[in-house]
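As structure tokens, the structure follows; a few thoughts come after it.
None of the figures in this text is laboratory data; all of them are computed from the coordinates on show. Note that the structure is predicted; figures quoted are calculated from it, not measured. Cβ coordinates were reconstructed from backbone atoms using ideal geometry, including for glycine residues, and neighbour counts include every protein chain displayed.
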Ligand code: APR
């Protein structure tokens, strides 16, 4: 069955859940936005494990739409799942890659036995995805993907995101 969806306005690095999802880039070696906040709060152990992945199983980086788990370091979560959302483009529809980022994160969460998972608004920041559409895709995808995860908690950093996700959740029923 699908997971229950909850919305929180706040900072994903403070969420006490089984797994926190990071909106990473393919390089997996940190960045700005939620990626930067997670590495800052989680500490160097995360980057160390990301470097090991780049040196072994992910030599070419993490492809868009895929997900991989590392230690959560000092974060108040047992696991950290990195996923790469698509950069928004008007010339081509990359919706399926954003859908994949959520689905693959849930698949990895299931592999880890995670029952509560916190997600940011993937691709809705630096990657430029319009917030309303990002929220619709996020809520529809996580609400319809079979998973053993019991709670999908969207952690929204600002009012615009929180409002957009509230509307998307209401619309999804
Ligand atoms: N907690 C929750 N949400 C946050 C936090 C935080 N601490 N910091 C930022 N956000 C929100 C942003 O406001 C935005 O709504 O996360 C959403 C996703 O924005 P980004 O972090 O920019 O992620 P994305 O759009 O997927 O771009 C990924 O940005 O940070 C770099 O290294 C990252 O190159 C990658 C790219």
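Based on every Cα atom in the range 71-173, Rg and the maximum pairwise Cα distance Dmax equal 13.4, 40 Å.
Taken along the Cα-to-beta-carbon direction at a fixed 7 Å, the label points for residue 56 and residue 40 span 3.0 nm. Packing order of peptides 101-108, 19-26, 61-68, 39-46, highest average first: 19-26, 101-108, 61-68, 39-46 (average count of other Cβ atoms within 10 Å over each peptide's residues).
Exposure proxy for 153, 54: other Cβ atoms within 10 Å of each Cβ, ordered fewest to most, give 54, 153. Extension gain for residue 150 to residue 96 (0.36 nm times residue separation, less C-alpha to C-alpha distance): 17.1 nm.
Regarding the range 1-40, what's the average projected area of the Cα-atom convex hull, expressed in nm²?
4.0 nm²
Among beta bridges identified by DSSP and lying wholly in the chain, the antiparallel ones come to about 20 percent. Sorted ascending by nearby beta carbons within 10 Å, beginning with the fewest, 126, 152 become 126, 152. The alpha-carbon atoms of the chain define a convex hull whose volume equals 96 cubic angstrom per residue.
Restricting to Cα pairs below 8 Å that are 6+ residues apart, what does the relative contact order work out to for the range 18-142? Please round to a whole percent.
30 percent
Per-residue Cβ neighbour counts within 10 Å put 159, 18, 133 in the sequence 159, 133, 18, beginning with the fewest.
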